[in-house]
Amino acid sequence: MKRREFIKVSSLLGTSAAVAPPFMLGGCVTNPPPGTGVVSKSPTICDMCFWKCAGEVYKEDGELWKITGNEDDLHSGGRLCTRGTGGPGAYLDRDRLKKPLMRVTVDGRQTFQEVSWDEALHFISEKMQGIAASAGPERLAMLHHGAGGHHFLHLLRAFGSNSHAEPAFAQCRGPRDVGFRLTVGESASSPERTDMANAKCIVLLGSHIGENLHNAQVQTLAEAINKDVTLITVDPRFSVPAGKSKYWLPIKPGTDIALLLAWMNVLISEDLCDTDYLDRYAIGFEQLAEHVREYTPEWVYLETGIRPEVIRETARELAKAAPAAIVHPGRHAVWYGDDTQRSRAIAMLNALLGSWNRKGGFYIPEKVALPEYPIPEYPKPKFSTGDAYPGKWPFASQGVTNGVIDASIGEDAFFKGWLVYGTNLPQSIPAVKDKLRAAANSLDLLVVVETMPSEMTGYADVILPECTYLERYDDLRNSGERHPSLALRMPAFEPKYESKPGWWIAKQLGNRLGLEEYFPWQDYAEKLDWQLQQVGSSLEEMQKIGVKNFPRKYPLYFRDGQRVQFATPSRKIELYSQQLADKGFDPMPVYTPPEPVPSGYYRLNYGRMPAHTFGKTTNNPLLFQLAPENQLWVNPMVANEWSIKNAEYVRLASPSGAISNKIRVRVTERIGPDSVFMAHGFGHKSKRLRLTAGVGADDSELMSNIKIDPIMGSTGMRSNFVTFVKEQA
Ligand code: SF4
């Protein structure tokens, strides 16, 4: 069966009578009343976003009571954010996937049927073997998000493929990582290696810390604010951090590169750069000085709307604080299609300030030297992911999801099968639905591993229900950061329903594919214990403490006058990039004005809200109570022009004719008259998500004007426009 109809997971064969009783909102924390039963606790790593804060799961008389932060966890400051404390909602969500589901045709109509794990795994392994035999194992690709994807990446590599991509690269942080690597030879890391608590001046450029609750980052920014840091927020919207800033620069959207070049112009022309640092560590200063000469504050004012004296004053604030000055690299860095160059400009500005790997700027992250469990070497694949889209995006350091999707369409498509783990592609990739249908109709196999139904599950041949993070072991957390540490996620409960841990699913598939030697552990606990023993700990110890901190072996910052080799071709910070020039790109960032807003339309800006991690948590019953829907920020002048009242519902239309779900309007001066703003992750179509289906609007379905970064393939999504469709009374 190749032609796949999109199936709503609610359309289950033989399960319609077996719907779980409605979940009582808030019921999970009141039965039995806290403080009256026997309390136990076990460690976890939060999975409500990617930040991986360590927590403790409390049970009372065996029932889930609450999740709190692990006080010994320096990575999270011992606290969880709102979403982290909402973790019980993920476990208790009545809409979780419960059994393996397989696409079948009944009376000429496609539907999902519940099947046993045996049937599901047998079907998948047969198909995988078929792809390997007819086209080669590399033709199986994986699209994934989140730490749990590691189990399936391991399976994929053992199978003989290394073809994979994460939307977190081309749809999020990729341009930033590539821009920094091209300049300083390393990425800005995750968690970001910003030394904010010691900074004297911080620039947030379209980065909404406080609206995106990346726990420790919010805490260190708060610490900096308490120490009177000079905070400069550059944002067309009066965001949460703008309200805490000494300077709010309401920049015209799409003109960030012009401002960055003007700041460099001021630093260089007023002799405010860290010349000792640049002499020691950088190349290309003269070319840069020549390049930015034309980007005077007066010229840039006309593009950005930021007055020349403000550009000069803020540049001087940065120089005064340097090297304890940070121009924050941001995270979601896909804007207008010149995003690698935008991030490069940020890295270069930090270099002029001498803040890279200096106190109050960026620190040097360090991990625990944790050995891998001994397994045979993976077979060497004949192709890499990039071979599916040859000649495109020469500096893509990871697979590009949109490239993989395009290479999966048609009879002669490069890819023949997909494993999709933990990512809802219809919401994460802009303007993709038609392509997903075409790819689904071309592929021989499409497997989705998920805890919850989503728009993506409707395209699958087989849906495998993974248990939640509270019911499974995963890999140890070992992120590169200020304090090396390990943290453990372990099951607090047996998996509910017939869901299974990712490691178990991958191992079962591995066994069926004859790859047992890559999965020598009976239980994942065995593998974790072996690794922990190598660094002087044990699973038993970690089950008690959850987090183990290790001393640093290396300094946190460059020492004065230290000789350093950067991981660039010249072994220096590259203000002028010969690598880019050799591939026909601008060696230094060049400003290009953004497309103007068409008459009657507004720029569609999107972002986060503190209570949710995009669409991943909108059906979580606890977080739904906090923030059930997104809102559309509209300037009062615009609202007046359209006779739209505060709290009224409207729909939005894109120039290509897409119409959104209803969204409630928030009339506010905090946004300019050329734009509207909404939080991403709402407007779910899957009716199986009973709380959130049809609630709020989905920005991604309004996007048709995507600007692909030619350097590394990311999808700039801020180049979209919308207008209003008023609801009929
Ligand atoms: S930042 Fe919040 S949601 Fe993310 S891992 Fe930490 S506690 Fe969980």
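The values are calculated or read from the model by the stated rules, or taken from the named source; none is laboratory data. Bear in mind that the values here come from a model prediction, so they are computed numbers and not experimental data. So basically every Cβ, Gly included, is an ideal-geometry build from the backbone, and we count neighbours across all protein chains shown. Remember, those area values only see protein heavy atoms, side chains included, never the ligands or the DNA or RNA. Shrake-Rupley method; radii C 1.70, N 1.55, O 1.52, S 1.80 Å.
A few comments on the model shown:
- Failed item in (1) farther than 21 Å from TRP504 by Cα; (2) within 23 Å of the chain's Cα centre (by Cα); (3) more than 10 Å from the ligand (Cβ to nearest atom), with GLN113 passing the rest: (2)
Yes/no per residue for (1) in a loop (DSSP other than H, G, I, E, B); (2) more than 22 Å from ARG176 (Cβ to Cβ); (3) within 21 Å of the chain's Cα centre (by Cα):
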site: PRO394; (1), (2), (3): yes, no, no
site: GLY403; (1), (2), (3): no, no, yes
site: PHE415; (1), (2), (3): yes, yes, no
site: VAL420; (1), (2), (3): no, yes, yes
site: GLN427; (1), (2), (3): no, no, yes
site: PRO430; (1), (2), (3): yes, no, yes
site: MET452; (1), (2), (3): yes, yes, yes
site: TYR473; (1), (2), (3): yes, yes, no
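- Flag set for ARG651, criterion: on the phi < 0 side of the Ramachandran plot and either at pLDDT 95 or above or surrounded by fewer than 16 Cβ atoms within 10 Å (Cβ to Cβ) (or both).
- Restricting attention to the range 222-249 and to residues that are closer than 22 Å to ARG316 by Cβ and either part of a helix (DSSP H, G or I) or aromatic (Phe, Trp, Tyr) (or both), the residue that is farthest from the ligand (Cβ to nearest atom) turns out to be TYR247.
- Any chance ASN640 is over 26 Å from the mean Cα position of the chain (by Cα), in a helix (DSSP H, G or I) and among the polar types (S, T, N, Q): yes
- Filter pass, ALA133 being part of a helix (DSSP H, G or I) and over 15 Å from LEU509 (Cα atoms): yes
- GLU192 vs. criteria part of a loop (DSSP other than H, G, I, E, B), more than 18 Å from ILE505 (Cβ to Cβ), modelled with pLDDT under 95 and acidic (Asp, Glu): yes
- Qualifying residue in the range 251-265 (condition: within 16 Å of the ligand (Cβ to nearest atom), surrounded by fewer than 23 Cβ atoms within 10 Å (Cβ to Cβ) and within 32 Å of the chain's Cα centre (by Cα)): no
- Flag if ASN640 is farther than 19 Å from LEU691 by Cα, open to solvent by 40 Å² or more (accessible area, probe 1.4 Å) and not hydroxyl-bearing (Ser, Thr, Tyr): yes
- Verdict on PRO555 being at pLDDT 95 or above, in a loop (DSSP other than H, G, I, E, B) and buried (at least 19 other Cβ atoms within 10 Å of the Cβ): no
- Condition check for VAL218: closer than 30 Å to PRO596 by Cα, surrounded by fewer than 23 Cβ atoms within 10 Å (Cβ to Cβ) and within 16 Å of the ligand (Cβ to nearest atom): no
- Selected residue [within 18 Å of LEU140 (Cα to Cα) and among the β-branched types (Val, Ile, Thr)] from VAL447, VAL432: VAL447
- Tally of residues being of a type in the set (Gly, Ala, Ser) and open to solvent by 30 Å² or more (accessible area, probe 1.4 Å) across the range 669-685: 0
- The set of residues in the range 294-318 that are crowded, with 21+ Cβ neighbours inside 10 Å and hydrophobic (A, V, I, L, M, F, W, C) comprises VAL300, ILE306, ILE311, ALA315, LEU318.
- Single residue of the range 39-49 satisfying the filter (β-branched (Val, Ile, Thr) and either outside any strand (DSSP E or B) or within 16 Å of the ligand (Cβ to nearest atom) (or both)) that is farthest from the chain's Cα centre (by Cα): THR44
- Residue pairs whose Cβ atoms lie under 7 Å apart, separated by 6 or more positions or on different chains, with the first residue in the range 219-233 and closer than 18 Å to VAL310 by Cα and the second among the polar types (S, T, N, Q), are LEU231/SER245; ILE232/SER245; ILE232/THR314; THR233/SER239; THR233/SER245.
- Residue list for the range 236-246, restricted to those being at pLDDT 95 or above and within 28 Å of the chain's Cα centre (by Cα): SER245
- In the range 608-622, residue most open to solvent (accessible area, probe 1.4 Å) [restricted to those that are within 13 Å of the ligand (Cβ to nearest atom) and farther than 21 Å from VAL240 by Cα]: LYS616
- Cβ separations smaller than 6 Å between residues 6+ apart or across chains give the following pairs from the range 78-97 residues that are on the phi > 0 side of the Ramachandran plot to residues that are more than 8 Å from the ligand (Cβ to nearest atom): GLY78/GLU71.
- Residue match in the range 528-535 (condition: of a type in the set (Val, Ile, Thr) and over 29 Å from the mean Cα position of the chain (by Cα)): yes
- Any hit, the range 94-107, residues being modelled with pLDDT of 95 or more, of a type outside the set (Gly, Ala, Ser), crowded, with 18+ Cβ neighbours inside 10 Å and within 16 Å of the ligand (Cβ to nearest atom): no
- Residues of the range 663-692 satisfying the condition of being of a type in the set (Phe, Trp, Tyr) and part of a strand (DSSP E or B): PHE677
Listed here are the residues, each with its yes/no results for (1) aliphatic (A, V, I, L, M); (2) farther than 25 Å from ILE124 by Cβ.
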| site | (1), (2) |
| --- | --- |
| TYR524 | no, no |
| TRP530 | no, yes |
| MET542 | yes, yes |
| PHE550 | no, yes |
| GLY561 | no, yes |
| GLN565 | no, yes |
| SER570 | no, yes |
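- For the range 270-315, residues that are assigned to a loop (DSSP other than H, G, I, E, B) and not aliphatic (A, V, I, L, M) total 11.
- Flag if ARG666 is over 24 Å from LEU622 (Cα atoms) and open to solvent by 10 Å² or more (accessible area, probe 1.4 Å): no
- Filter result for the condition that a residue is modelled with pLDDT under 95, among the hydrophobic types (A, V, I, L, M, F, W, C) and under 23 Å from GLN171 (Cα atoms), over ALA388, ALA333, ALA347: ALA333
- Under the condition of being closer than 14 Å to PHE724 by Cβ and out of contact with any Lys or Arg (no Cβ under 8 Å at 6 or more places or on another chain), the residues counted in the range 667-685 number 2.
- Of all residues in the range 50-83 being assigned to a strand (DSSP E or B) and open to solvent by 50 Å² or more (accessible area, probe 1.4 Å), the one that is nearest to the ligand (Cβ to nearest atom): LYS66
- Test result for PHE395, open to solvent by 30 Å² or more (accessible area, probe 1.4 Å) and closer than 13 Å to LEU140 by Cα: no
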